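Worksheet: the structure to be examined is printed underneath.
No value in this document is a laboratory result; all are computed from the given coordinates. As the structure is a computational prediction, the values presented were derived from the model and not from experiment. When we count neighbours, we look across all protein chains shown, and the Cβ atoms used for this are built from the backbone with ideal geometry, even at glycine.
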Amino acid sequence: MNAVRAHLRRQEVLPAVAPFLPDDVVTALCGRHVPLALLERMAERCRRAHAEEGLFGAFGFVSLSDTLTTPTHLIGGCERVKNTPLPRQYDYTRGCSSGPTSACCRSSWFGSSTG
């Protein structure tokens, strides 16, 4: 989640995740989309655990695969929201929702607050 948080905030991702990962993994992540690369790494480890080591059966593998697919979809949705530009008219309403003009804007848009 640190990788997703830093990526969505357009911050450096590797310093956020480097304390939790071995040096060889950090080196392999350079220049990649770090949140998705970490998910790919987890999926590969699950595949290996299923195929080579037999740690869980087919149903367990399908369940883990679905569990790793969900964050991938969530990251994609968050990135779409992050990269969607807001129309120009939202600049006015966003500025009007707080500060000293908010009472003026609310009363003129939605009628008087007194009954």
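For the stretch 13-39, which residues satisfy the criterion of being farther than 22 Å from His73 by Cα and of a type outside the set (Phe, Trp, Tyr)?
Across the stretch 13-39, the qualifying residues are Pro15, Ala18, Pro19, Leu21, Pro22, Asp23, Asp24, Val25, Val26, Thr27, Ala28, Cys30.
Scan the stretch 23-64 residue by residue and report those that are in a loop (DSSP other than H, G, I, E, B), of a type in the set (A, V, I, L, M, F, W, C) and surrounded by 13 or more Cβ atoms within 10 Å (Cβ to Cβ).
Phe56
Answer yes or no as to whether Leu8 is loosely packed, with under 15 Cβ neighbours inside 10 Å and out of contact with any Gly (no Cβ under 8 Å at 6 or more places or on another chain).
Against the criterion (loosely packed, with under 15 Cβ neighbours inside 10 Å and out of contact with any Gly (no Cβ under 8 Å at 6 or more places or on another chain)), Leu8 does not qualify.
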